[in-house]
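Since the structure comes first, as C-alpha cells, the remarks are kept for the end.
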Amino acid sequence: MFEELNGNGLLIHHWDTDGLCSAKLILEHLKDKKIINVTPTLGNYYLTEEELNKYSKYDFVIISDMSLPEENVLCLAENAKVMIFDHHLGKIIKDVFHHNPIIKGENPDLFPSASWIVNEFLGNDINLFAVLGIVGDHEQKIKNNKFFSKKIDDFCKENNLTFEDLHKMVYLLDTNYKIGDKESVEQAPHLLLKIQNGEEILNNEKLNKNLNNLNSEINKILGIPAEKIDDIVFKKIDTSYNIISTITRRLAWDSGKNTLVINTGFFDDKDQIYMRSKKDATSIIKRGKELGFKCGGKKEVLGAIVPKDKTNMFIEEIILFLENKKGG
Ligand SMILES: [Mn+2]
C-alpha cells in the first residue's frame, strides 16, 4: 500500500498524544519518503479554506486520528492519493483508502486508539507509542477493558514502568496543544522519533516547563472565586490556554453543583463554552447544534464554540436548561 506513494507527502494528524504517537509510527515507517507533518488549527476538527489550498499541492496525504469532514477529504483527493487511519465514529469515505475498523463494525474495545490501529497495520510489535495513544485517549478508563488492561500491564512490567508513568507522559505530551503551541505539536512526532524510552519524555525539560505553566494558570484561575447564578457555579475566564474542560471539571467536582464556564481568550472571534450538569445534557447539545454552533459532549457535559455575538444568548439558554425551566 505505502509502496505506491510517490512524490511529496503530507501527514495530517490530531494534536493529542494519540495523534502524535500514530504520526510518529507512520513517519518512522515512511522514513525514506518525502513527507512533512502538520496538525489542523488547534481546536478545529476540519481544515480551513486556507489550509485546504496549502495542502492541495501534495502527491499523497495521510490523515491519522482525525475524522475530517468528507468534503475536506474529497477536496484533498482531487490531487493526491489519500490514506486515512482512524478510530472515530463516522462514515466510510469511498474513493480513498480508509482504514477505520470501528466504522466497519468492529468492536471498539479491540481498537482503542489510532496508534494501536496504525501499529497493527504496520505489523509492529507492541511498543511505547502504540500504548501511549491508548492511555491518552482512555486514561484510567482503559483499566475496565480486560484485553487491553492486561496488555498494558504486561508491557509496563516488561519495561519497568507504571501506569502512572504512562499517564504522566500523556500529560506532558498534551501540554503542547493545551498551551496553544501548534509548532511544538508538529515537532513532537520528531521528538518521539528520536527517543529510546519513556524516561526521555518524563525528563523532557520543555514539556515539564509547559506543565508547570499550565498548572499555575489553572491554579490562578481557580483561586479567583466563581460567581453563583441561583445554584449554578458560573465562571468567566480569559486565557489563551485550552484548559476550559479541566477548569470546569475541577469547579464541578469541588462544588458538586451544575457548572458553567466561558473562556473568551482562546479564539479571536469565538468563545469557548463548557458546562457540566447533574442531568442529561443531550437536549442542550442538540439545541447548540440546531443553532449552528460547533458543539458536542457526552451525557453530562457540553462543550461549544460560539461566535462572540451569540455567547450571551446561548448562556441564557443553558442557564434556563440548568434551572429546569426548559428542555431536559
Ligand atoms: Mn485517538
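A short reminder: the numbers here are calculations on the coordinates, not readings from a lab. The structure displayed is predicted, hence computed values, not measured ones. Cβ coordinates were reconstructed from backbone atoms using ideal geometry, including for glycine residues, and neighbour counts include every protein chain displayed.
Things worth noting here:
- Derived scalar couplings between HN and Hα for the range 146-158 equal 3, 4, 7, 5, 5, 4, 5, 4, 4, 4, 4, 4, 4 Hz in order, rounded to whole Hz, by the Karplus curve 6.51 cos²θ - 1.76 cosθ + 1.60 (θ = phi - 60°), x for Gly and Pro.
- The dipole here belongs to the range 113-248: it is taken about the Cα centre, uses +1 on the Cβ of Lys and Arg and -1 on the Cβ of Asp and Glu, and is about 200 debye.
- Between Glu139 and Asp95, the contour length at 0.36 nm per residue exceeds the Cα-Cα span by 12.4 nm.
- Choice from Asp153, Asp32, Asp16 showing the highest fluctuation, given a GNM over the chain with Cα pairs closer than 10 Å: Asp32
- Cα lying deepest toward the dipole's positive end in the chain, options Asn8, Ile84, Phe321, charges on Cβ: Phe321
- Charging the Cβ of each Asp and Glu at -1 and of each Lys and Arg at +1, and nothing else, the dipole of the range 224-322 about its Cα centre rounds to 400 debye.
- Put simply, the amide H of Asn37, placed in the peptide plane, has neighbours under 5 Å in Leu11, leaving out anything fewer than 5 places away on its chain.
- Hz values of 3J(HN,Hα) by residue in the range 33-47 - Karplus curve (6.51, -1.76, 1.60), Gly and Pro given as x: 9, 8, 8, 10, 10, 9, 10, x, 3, 4, x, 9, 9, 7, 9
- Under the convention that each Lys and Arg Cβ holds +1 and each Asp and Glu Cβ holds -1, the size of the dipole of the chain around its Cα centre is about 980 debye.
- Global form of the chain, assessed from the alpha-carbon gyration tensor, a/c cut-off 1.5: prolate
- For the chain, excluding the exposed loop sites themselves (GluC sites (Glu not before Pro), DSSP loop, at most 13 other Cβ atoms within 10 Å), the longest remaining stretch covers 107-328.
- Think of the range 24-105 as a dipole: +1 on every Lys or Arg Cβ, -1 on every Asp or Glu Cβ, centred on the Cα centre; then among Tyr45, Met66, Phe97, Phe97 lies furthest on the positive end.
- Point-to-point label distance, Glu205-Glu158, nm (Cα→Cβ direction, 7 Å offset): 3.4
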